[in-house]
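Only one structure is covered here, and it is reproduced in the block below.
Every number here is computed from the coordinates shown, using simple stated rules; none is lab data. Owing to the predicted nature of the structure, the values given are computational and were not obtained by experimental measurement. Because the Cβ atoms are built from the backbone with ideal geometry, glycine has one as well, and the counts that use them run over all protein chains shown.
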Amino acid sequence: MKKNFTWVVLFITICTGTPTWAQKNKPLYEAPFGVASFTLRKSWPVSIAATLDTIKMLGFTELEGGGGRMAPEEFKKLCDERGISIPGTGGGYEQLVKNPQEIADRAKALGSKYVMCAWIPHKTGSFNFENAKKAVEDFNTIGKVMKENGLTFCYHAHGYEFWPHEKGTLLDYIIQNTNPEYVSFEMDIMWIYFGGGDPVALLKKYKDRWKLMHLKDLKKGTPKDLTGLTSPENDVAIGTGELDIPAILKQAKKAGIKHYFIEDESSIYMKQIPQSINYLKSLKQ
């Protein structure tokens, strides 16, 4: 009977593709597990090697980071020894404006494909059109240098960009006025949501522009605003907060995002990260 059942399943699969019941048991999250280096910001100054050991122990094989003041070749060697790749690294806004080539050279030495900027300088709570307009000009210039070096520049939207502008928001303005050839984006799903944005809707609207994703969740009942700032303790284990993680992951997959980095800014990240990973592993399509 078991043998006959196997042949029936094989016949159905050949004729019609994977059975629906089998598709429903497929994991929803199929990408490598990555972590944003900011999660372990207090550990790096103590010991880079030990921090990388922790990252490996937690089950991560991808890192978004750069090794701080350590030579990029040395940092990459330490990562390689632990089976950790560095698909993305970052640079400060002013640093990127002043010397994008320097950051491009470091990114290439790390083996990265993406260079990310996580913040646009502005008065807290008062991000405005002039800030956005200057960022567009700077990002187009930075992105051109990165492309010339075989890299992709990404702006990490932070939630304060949702001030109204014309028929949309300042984030719409930034995305629509940056050159797609030079500028892409990283979606931090918690900060997008915190600022009043809808991660799923934005993934649909600008699906070709999103290349990277920060995975994190927001404590239920947390007040939201346009500062791009909230207590680190409002970062909770993924799947226990307010965000609709399955819906976001499904749309992210349709958008073609391949690199996801868990970022947990809380003081109990060592407790929450295993919970987050187990939750992501439990999700089915």
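Descriptive notes on the structure:
- Calculated SAXS-style log₁₀ I(q)/I(0) at q = 0.09, 0.14 Å⁻¹ - the range 34-282, Debye, Cα scatterers: -0.36, -0.93
- Springs join every pair of Cα atoms under 10 Å in this Gaussian network model of the chain, and among E161, E137, E265 the largest mean-square fluctuation is at E137.
- For the range 114-268, averaging the sequence separation of C-alpha pairs within contact (under 8 Å, six or more residues apart) and dividing by the residue count gives a relative contact order of 22 percent.
- Taking each of K42/K123; K113/K144; K216/K281; K77/K113 in turn, the alpha-carbon distance tops 20 angstrom for K42/K123.
- Cα gyration tensor, the range 138-231 - rounded (a/c under 1.5), prolate or oblate: prolate
- Given +1 at the Cβ of Lys and Arg, -1 at the Cβ of Asp and Glu and no other charges, the dipole of the chain around its Cα centre is 1120 debye to the nearest 20.
- Antiparallel DSSP beta bridges within the chain, percent to nearest 5: 15 percent
- Computed over the chain: relative contact order in percent, which uses C-alpha pairs under 8 Å that are six or more apart: 20 percent
- Inter-label distance, nm, simple model (7 Å from Cα along the C-beta direction), K134/S267: 3.5 nm
- Its DSSP H runs of at least 4 residues, each contributing -39,500 (n - 2.57), put the calculated 222 nm mean residue ellipticity of the chain at -13000 deg cm²/dmol, to the nearest 500.
- Eligible aspartates and glutamates near K219 by straight Cα distance, threshold 19 Å, same-chain separation 8 or greater: D188, D198, E233, D235, E242, D244, E263, D264, E265
- Sparse-neighbourhood loop sites, GluC sites (Glu not before Pro) in the range 73-112 - DSSP loop, at most 12 other Cβ within 10 angstrom: none
- Given K147/K258; K134/K167; K224/K271; K224/K253, the pairs whose alpha carbons are separated by over 22 Å: K224/K271; K224/K253
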